[in-house]
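One structure is given here, and the rest of the page talks about it.
The values are calculated or read from the model by the stated rules, or taken from the named source; none is laboratory data. Quick caveat: nothing in here was measured; it's all calculated off a predicted structure. Only protein heavy atoms, including side chains, enter the accessible area calculation; ligands, DNA and RNA are left aside. Shrake-Rupley method; radii C 1.70, N 1.55, O 1.52, S 1.80 Å.
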Amino acid sequence: MNAITHAVTKGTFSLDGQTFDVENNVWIVGDNKEVVVIDAPHDVDTIMAAVDGRSVKAIICTHAHDDHVRVAPELSDRTGAPIWLHPDDEEVWDLTHPERHWDKDLAEGQQISVGGIDLWVIHTPGHAPGAICLYASDLGCLFSGDTLFKGGPGATGRSFSDEDVIKDSIRRKLFALPDETVVHTGHGPSTTIGAEADELGR
């Protein structure tokens, strides 16, 4: 089985009184025995099918918008895995799950190891205050959530977001990675650091 498994879920994203239809990427990283799940959007059964019987060690939320955490508690209940989130996203998390707190805090520079793969937490505020990316140097890739997409930064037109902050996060932290790093995004196709650095400018 590949070190990275990809699934797509369909549902909605709601914030500031508006709701949109979206498709979300779910990235599952590990080996044949154990994995972490990156983001828990709309459909637990789709995620569990991609996990395919492996032990889930953690549910890592790249940020707390509802389309990334909606089924995190249910997935945690199904698998016994803790939910990880950066504490700066507490106010955003409480919009979706006021009745339940996440289990463990993410922090800049934290290392999470699963199935012989090391994931490094990079705090990239801007799209949301607690937005993070996960860098897997052994795999030559970055899991960017909604911080960086093919075509540029994530959206910043809603509450809790800031365009200047997200661009600073990307330029200082993500564009420091090797240009050939593959960027696996929260929505849509993957890209590379080099392609987006050329587009946005360093």
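For the stretch 149-155, take each phi angle, set θ = phi - 60°, evaluate the Karplus expression 6.51 cos²θ - 1.76 cosθ + 1.60, and give the result in whole Hz per residue in order, putting x for glycine and proline.
Going residue by residue, I get 10, 5, x, x, x, x, 5 Hz, with x marking Gly and Pro.
Amide H to amide H, which residues 5 or more places from residue 12 or on other chains are under 5 Å from it, using H placed in the peptide plane?
For residue 12, the qualifying residues are 22.
Would you work out what percent of the accessible area of the chain, with all protein chains in place, is carbon or sulfur (probe 1.4 Å)?
In the chain, the share of accessible area belonging to carbon and sulfur is 46 percent.
Please report how far the C-alpha centroid of the stretch 62-91 lies from that of the stretch 147-202, rounded to the nearest whole angstrom.
Cα centroid to Cα centroid, the span is 22 Å.
Ordered by residue, what ³J(HN,Hα) values in Hz, to whole numbers, does the stretch 110-116 give under the Karplus form 6.51 cos²θ - 1.76 cosθ + 1.60, where θ = phi - 60° and Gly and Pro are x?
Once rounded to whole Hz, the list reads 5, 10, 10, 10, 8, x, x.
What list of ³J(HN,Hα) couplings, whole Hz, do you get for the stretch 167-178 from phi and the Karplus terms 6.51, -1.76, 1.60, once you set θ to phi - 60° and write x for glycine and proline?
Coupling constants for the stretch 167-178: 5, 5, 4, 5, 5, 6, 9, 7, 6, 7, 7, x Hz.
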